[in-house]
Structures are given as structure tokens and as C-alpha cells.
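Heads up: the structure comes next, in C-alpha cells.
The values are calculated or read from the model by the stated rules, or taken from the named source; none is laboratory data. Keep in mind that this is a model prediction, so the values were computed, not measured. Quick reminder, even Gly has a Cβ in these numbers, built from the backbone with ideal geometry, and neighbours come from all protein chains shown. Note: areas computed on protein heavy atoms with side chains; ligands, DNA, RNA excluded. Shrake-Rupley method; radii C 1.70, N 1.55, O 1.52, S 1.80 Å.
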Amino acid sequence: MTKPFRIERLAKQDRSGFDCGIPPLNDYLHKQAGQDERRRFAACYLLVDAATSEVAGYYTLAAGSVLLGDLPQATAKKLPRYPSVPVVRIGRLAVDQRYQGKKLGGVLLVDAIQRAASTDVGVYAVIVDAKDEAAATFYEHHGFTRFESAPRVLFLPVASGLANLP
Ligand SMILES: CC(C)(COP(=O)(O)OP(=O)(O)OC[C@H]1O[C@@H](n2cnc3c(N)ncnc32)[C@H](O)[C@@H]1OP(=O)(O)O)[C@@H](O)C(=O)NCCC(=O)NCCS
């Protein structure tokens, strides 16, 4: 049996019908993601419905770093005393309204964590900027921890993400 969804790097796919209910996240995929890909500012991954080729969801990844001092003390004290910590940032993540509530947001997160873990450069954690409180709760539900200094920014050490994969 073929899989109902596949995840592919953004290229020439038709993404004009994508609607997650949040206009800035729709506009980003429709108008900006291709340019960010070409400039290597973000890598965009699409969750594609294998039966219809519709885009059911997407997320973006970019390299980043956070200050060691911004991590919770309990985490920071176990890490090397370098001032900055290498991370991969999930810039945007969204699921089309027709596909929400089917655990596809979780599928995208797992894919992002696996991708961050399998890159050939050092990555301690995946971090995300949640656009609102509901989104922050979604990430907490999936094991992310809030930064004390910025509660809409959350992180998940790659090692613990891999250890808890469904
Ligand atoms: C947030 C979003 C990505 C969730 O995707 P989804 O496919 O509908 O959610 P899932 O079906 O994968 O949910 C998986 C789990 O997360 C939980 N969940 C979903 N949204 C949640 C929320 N806002 N708060 C807490 N838990 C949430 C579900 O209850 C489910 O729990 P379970 O696995 O224990 O049953 C999606 O609703 C969306 O794209 N919303 C608009 C854009 C957005 O808010 N993006 C957030 C990133 S900035």
C-alpha cells in the first residue's frame, strides 16, 4: 500500500490552495517561501497528500543559536560553558484546515526533529517561535520547554526529541 502523505522539499509544487486559517502563514507559503529557499535563508518542507498532490502542511528550518544564559539553569548547567548554543529554528509550521486534527502537526514536528538530528553540523536543540499562546501550548504538548525570558520561544533538545519519538 502506498503511504497517504509524503514530505518533500519545496520546489515547483502548486501551493496556491493552502489555507491553514492564519493569513500570514498562508501568505508566507504562497509568496515568500520560494524566495527564502533560493537565498538559503530557510529550508521549506511540504507535507503532500499522495492521492491529490495537495499541500496539507509545511514547516521551515533555519540555522540559529541561542545564548547559554537564556536556557533554564537546570539545562544550562549540564552543557559546555560556550556562550552560544547551536540550534535549528522552526520558523513556521502549519497544517491546512481540511487536514487539521489528524495528528499531522505532530508528523511535521517529528520530521523536523529527525532532520535537525541527522544534519552533519552540531545541533543541540530545536527551537520555535510560537505565534500565539495556542501555538505555544501545541509545542508544550509535544515536549518543548519555554524560555523563561521569552515564553513564546520554546526549545526541545534533539536528544530528548529522538528519545521520545512516537
Ligand atoms: C497548530 C497546528 C499545527 C496543529 O496541527 P494539527 O495537525 O491540527 O494537530 P495534531 O492533530 O497534530 O495534534 C496533535 C496533538 O496536539 C494537540 N494539540 C493540537 N493543537 C493544540 C493546541 N493548540 N494546544 C495543545 N495541544 C494541541 C492535539 O490535541 C493532539 O494531541 P494528542 O496527540 O494527545 O491526541 C494546526 O492546528 C495549525 O496549523 N494551526 C494554524 C497555524 C498555527 O497555529 N501554527 C503554529 C505554529 S506558529
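Kindly indicate the residue of segment 140-153 that is touching a residue at least 40 places away in the same chain (Cβ under 8 Å) and hydrophobic (A, V, I, L, M, F, W, C) and also least open to solvent (accessible area, probe 1.4 Å) among those meeting that condition.
Only one residue tops the list, namely F147.
Listed by first and then second residue, the pairs linking a residue in segment 91-109 that is among the polar types (S, T, N, Q) to a residue that is open to solvent by 90 Å² or more (accessible area, probe 1.4 Å) and near the ligand (Cβ under 7 Å from one of its atoms), with Cβ atoms under 8 Å apart and 6 or more places separating them unless they lie on different chains, form an empty list. Number of residues in segment 50-75 that are open to solvent by less than 60 Å² (accessible area, probe 1.4 Å), at pLDDT 95 or above and out of contact with any Pro (no Cβ under 7 Å at 6 or more places or on another chain): the value is 10.
For segment 1-22, a residue qualifies if it is loosely packed, with under 10 Cβ neighbours inside 10 Å and of a type outside the set (G, A, S), and the qualifying residues are M1, T2, K3, K12, D14.
Among residues of segment 17-40 that are at pLDDT 95 or above, those with a Cβ under 6 angstrom from a residue that is among the small types (G, A, S) and crowded, with 18+ Cβ neighbours inside 10 Å, sequence gap 6+ or separate chain, pair up as C20/A94; L25/A94; D36/A42. The residues of segment 96-106 that are open to solvent by 20 Å² or more (accessible area, probe 1.4 Å) and within 30 Å of V66 (Cβ to Cβ), listed by number, are Q100, K103.
Residue-wise test of (1) open to solvent by less than 30 Å² (accessible area, probe 1.4 Å); (2) modelled with pLDDT under 95; (3) hydroxyl-bearing (S, T, Y).
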site	(1), (2), (3)
R92	no, no, no
Y124	no, no, yes
F138	no, no, no
F155	yes, no, no
